[in-house]
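This report refers to the structure that appears directly beneath it.
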Amino acid sequence: MTQQAIESVAVIGGGTAGWMAAAALARKLRGAVRITLVESAEIGTVGVGEATIPPIVDFNAFLGLDEEAFVRATQASFKLGIELRGWGAPGDVYLHPFGRYGLDFEGTSFHQHWLRQRSLGADPGSLDEYCLPAEAARAGKFFRPVKDTRNILSMLAYAFHFDASRYAAFLRAWSEERGVVRQEGKIVEVLQRPLDGFIQGVRLESGEVIEADLFVDCTGFRGLLIEQTLQAGFEDWTHWLPCDRAVAVASENVGAPEPYTRSTAQRAGWRWRIPLQHRTGNGYVHCSQFISEDEATADLLAGLDGEAVAEPRMLRFKTGRRRKSWIKNCVALGLASGFLEPLESTSIHMIQSGIFRLLAMFPDRTFDPVLTDEYNRRTATEYTRLRDFVILHYHATTRSDSPLWDHVRTMEVPETLQRKLDLFRSSGRFFREDEELFSETSWVAVMMGQGIMPQSFDPVAAAHDPEAMRQRMERFRAAVSHAAAEMPTHQAFIDSHCKAPPV
């Protein structure tokens, strides 16, 4: 048996997606494959602040990055969860924390014991009181988790807020040190092999042609290779997720950065607030059917905590995914593969997930369709599960104060989401499917945070002595409270370990 090994890879497009892909390929292939990244300095990035979720820690560790050097280079802060304001009803506030609620006592989910205590008339407090990341976030504290699972600090989970442009630059330097070649230039033509339609190369304005065995499309929404050339097709999800614009601007910091992202529901969408060390990223994701770009910009600027430090920038998008993310010898990553609004900070994760999937299924030059079909199936499944989680935020609302909220509150949701809602309303049960990203804690946080309370609970929870369980829960709650109180403030942790130089 002979194998036609891939000898060259061309990453088309830079930015976060392109340089994450180049870095991961360089790390995995260790010089055995020639890697070229093609980008144009004329194509800018927004760079107003990016929020992430905990798997980014694994990606950086896979590369072997020095975390504190990365934090300093990207002006990053730490993130323990997402605060959501006004999503269930105007004035509501809840936290979607990283980590987990309590412990699964006797193999039964912790929130089931919490529900049982409530059914008996006890006051077990809020679920957040049993979640160390939630309590630390509210108190403005931060500490890295420890490895000893007997220590409650092992239950911490975290991610980052960082400047995405600086992250791309950091990864570029890292990649170039390991042999990745950056080619400056705008692409004017994509060349295909006449017999089978595989991509042969891309022609630059200079006339130079960059050829490769495998192409990674990181060209953003336009999908230069996967869509404009290979015509992957697009599955449109705007019926469920009608927001199609985002205006973004950076502002001055006012006070120490909180260790969480803030998402505030508005009449025509929602605003994000992402605190970095040197500034705060802000944006207003909205639906152009219900608000003009000028109005959205004015609303965003009026709601800033500090003075804007740049001109607002408008982004236009359509929510959905490519019908295929891998066609022939081209794999699309990031926005070229699909888009979900950044409500739960999944944009960079989907880049990371696609990269790891590609590395696990790295092809030879035969490009076995069995492999590409499996890649596309898994990618489609992941996008669908994430889509449903984002839709949940909109649909699980009592808001009726604007046409947008009337639509999402009353719309029919995908059957895959409806099953989860029905099961949780019935008995508080949740089952993770197909290796989906968000855990039971995430779904419980959003559903209960927006007023979806189960009618009953898992009867197995009733098999335990209620007073003994109450005392057990109380001891755990006290341990969480004590650990949060002992942690340093978020700002103090940054100052001690990874404070970035002044800009």
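The values are calculated or read from the model by the stated rules, or taken from the named source; none is laboratory data. Just so we're clear, the structure is a prediction, and the values are computed from it rather than from any experiment. Neighbour counts are summed over all protein chains in view; Cβ atoms, including those assigned to glycine, are modelled from backbone coordinates with ideal geometry.
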Output for Cβ contacts, cut-off 8 Å, separation at least six or different chains, first residue closer than 14 Å to Glu189 by Cα in region 220-238, second modelled with pLDDT under 95 and of a type outside the set (Ser, Thr, Tyr), reads Gln228/Arg222
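If you take just the helices (runs of 4 or more DSSP H) that sit entirely in region 387-461, which of them hold at least 3 residues that are in contact with a His (Cβ under 9 Å, 6 or more places away or on another chain)?
So the answer is 403-410, 440-449.
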Within region 318-352, work out how many residues are among the small types (Gly, Ala, Ser) and closer than 19 Å to Ile56 by Cβ.
5
Residue under question is Met411, and the condition is that it be crowded, with 19+ Cβ neighbours inside 10 Å and in contact with a Phe, Trp or Tyr (Cβ under 8 Å, 6 or more places away or on another chain); does it hold?
no
Residue set Ala478, Ala462, Ala483; condition farther than 18 Å from Gln112 by Cα and touching a residue at least 40 places away in the same chain (Cβ under 8 Å); output residue Ala483
Name the residue, out of Asp236, Asp213, Asp244, that is at pLDDT 95 or above, out of contact with any helix residue (DSSP H, G or I) (no Cβ under 9 Å at 6 or more places or on another chain) and under 30 Å from Pro275 (Cβ atoms).
Asp244
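In this structure, is Thr280 touching a strand residue (DSSP E or B) at 6+ places or on another chain (Cβ under 8 Å) and crowded, with 22+ Cβ neighbours inside 10 Å?
Spelling it out, Thr280 is indeed touching a strand residue (DSSP E or B) at 6+ places or on another chain (Cβ under 8 Å) and crowded, with 22+ Cβ neighbours inside 10 Å.
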Qualifying position, being surrounded by fewer than 21 Cβ atoms within 10 Å (Cβ to Cβ) and basic (Lys, Arg), among Arg100, Arg116, Arg144
Arg144
Residue selected from region 195-249 under the condition in a loop (DSSP other than H, G, I, E, B), of a type in the set (Val, Ile, Thr) and buried (at least 20 other Cβ atoms within 10 Å of the Cβ), by the criterion nearest to the chain's Cα centre (by Cα)
Thr219
Of those in region 129-169 that are part of a loop (DSSP other than H, G, I, E, B) and among the basic types (Lys, Arg), the residue farthest from Glu68 (Cα to Cα) is Arg150
Among residues of region 206-224, those that are among the polar types (S, T, N, Q) and touching a strand residue (DSSP E or B) at 6+ places or on another chain (Cβ under 7 Å), counted:
1
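Please state which one of Arg472, Arg399, Arg385 is farther than 30 Å from His286 by Cβ, of a type in the set (D, E, K, R), surrounded by 15 or more Cβ atoms within 10 Å (Cβ to Cβ) and touching a residue at least 40 places away in the same chain (Cβ under 8 Å).
Just one listed residue meets the conditions, Arg472.
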Boolean, Leu423 is free of Cβ contacts under 8 Å to residues at least 24 places away in the same chain and not acidic (Asp, Glu)
yes
Could you pull out every one of the helices (runs of 4 or more DSSP H) wholly within region 1-115 that has 2 or more residues that are among the hydroxyl-bearing types (Ser, Thr, Tyr) and at pLDDT below 95?
none
Looking only at region 299-325, count every residue that is of a type in the set (Val, Ile, Thr) and over 25 Å from the mean Cα position of the chain (by Cα) and tell me the total.
1
